[in-house]
Amino acid sequence: PGKEDFEVQCGEPGENLDDCLGAAADSDTLYLATKPAAGADGELTNSVVAFDLDTGKPRWKVPAPPAQTLHPMRVENGRVLLYLTPPPTKETPNGGGIMALGPQGGALRPVLRHPASAASAVTGLFEPTVRFVGGRSLISSGYITAETDEEEMDLRTMIAFGD
């Protein structure tokens, strides 16, 4: 880890920070998402960096897959849960989903994969809020607006995955 810029997506100023996407912490580690930047293929990607809370120094850094971004959500059962965005094109068989990293970083482990066929629906949500509870994920639009009431009624506002 060097001189990265970090990006955390939180609700309105002054609201509870429990709803932030891109940051998570446990008793000794802070996990932050770096600001997305163009990768080798020109598509946006980022990394997650774990910081030691006692020293402030980075412990590890794990990159997102090409053309996708990772966002820490919370720490659960000794692992950090992350939201992985879907790639912006249909040229890949991968969707997004909920991933996990152990305390030492390492390889991303899928917890719940979202189908690639849902990528356009997910990327069409404005400032999405992501929840993962009981093996299910819910992604909802953070803001809904259109020219007319009828157009608003036609907008996708949420999508759910899991059993």
message: Checking Gly135 against (1) touching a residue at least 40 places away in the same chain (Cβ under 8 Å); (2) over 15 Å from the mean Cα position of the chain (by Cα), only one condition comes out false. Which one?
response: (1)
task: Taking Phe126 as meeting all but one of (1) surrounded by 15 or more Cβ atoms within 10 Å (Cβ to Cβ); (2) within 15 Å of the chain's Cα centre (by Cα), write down the number of the exception.
output: (1)
- prompt: Looking at the range 77-95, which of its residues are assigned to a loop (DSSP other than H, G, I, E, B) and under 13 Å from the mean Cα position of the chain (by Cα)?
  reply: Thr85, Pro86, Pro87, Gly95
query: Can you tell me which residues in the range 56-69 are touching a Ser or Thr at 6+ places or on another chain (Cβ under 7 Å) and not hydroxyl-bearing (Ser, Thr, Tyr)?
result: Arg59, Lys61, Val62, Pro63, Ala64, Pro66, Ala67, Gln68
query: Could you count how many residues in the range 1-44 are modelled with pLDDT under 90, assigned to a strand (DSSP E or B) and not hydrophobic (A, V, I, L, M, F, W, C)?
result: 1
statement: Exception for Ala50 within (1) touching a residue at least 40 places away in the same chain (Cβ under 8 Å); (2) over 20 Å from Val8 (Cβ atoms) falls at (2)
task: Give the range 83-104 a look and list any residue that's modelled with pLDDT of 95 or more and either surrounded by fewer than 22 Cβ atoms within 10 Å (Cβ to Cβ) or over 14 Å from Thr45 (Cα atoms) (or both), or say none.
output: Gly97, Ile98, Met99, Ala100, Leu101
- prompt: Regarding Arg74, is this residue surrounded by 14 or more Cβ atoms within 10 Å (Cβ to Cβ), in contact (Cβ under 8 Å) with a residue 40 or more places away in the chain, within 16 Å of the chain's Cα centre (by Cα) and closer than 15 Å to Leu30 by Cα?
  reply: yes
- prompt: How many of the residues in the range 45-59 are in a strand (DSSP E or B) and crowded, with 17+ Cβ neighbours inside 10 Å?
  reply: 7
- prompt: When Leu112 is evaluated against the numbered criteria (1) surrounded by fewer than 19 Cβ atoms within 10 Å (Cβ to Cβ); (2) at pLDDT below 95; (3) among the hydrophobic types (A, V, I, L, M, F, W, C), which criterion, by number, is the only one it fails?
  reply: (2)
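The values are calculated or read from the model by the stated rules, or taken from the named source; none is laboratory data. Computed from a predicted structure; not experimentally measured. Neighbour counts run over all protein chains shown; Cβ positions are idealised from the backbone, glycine included.
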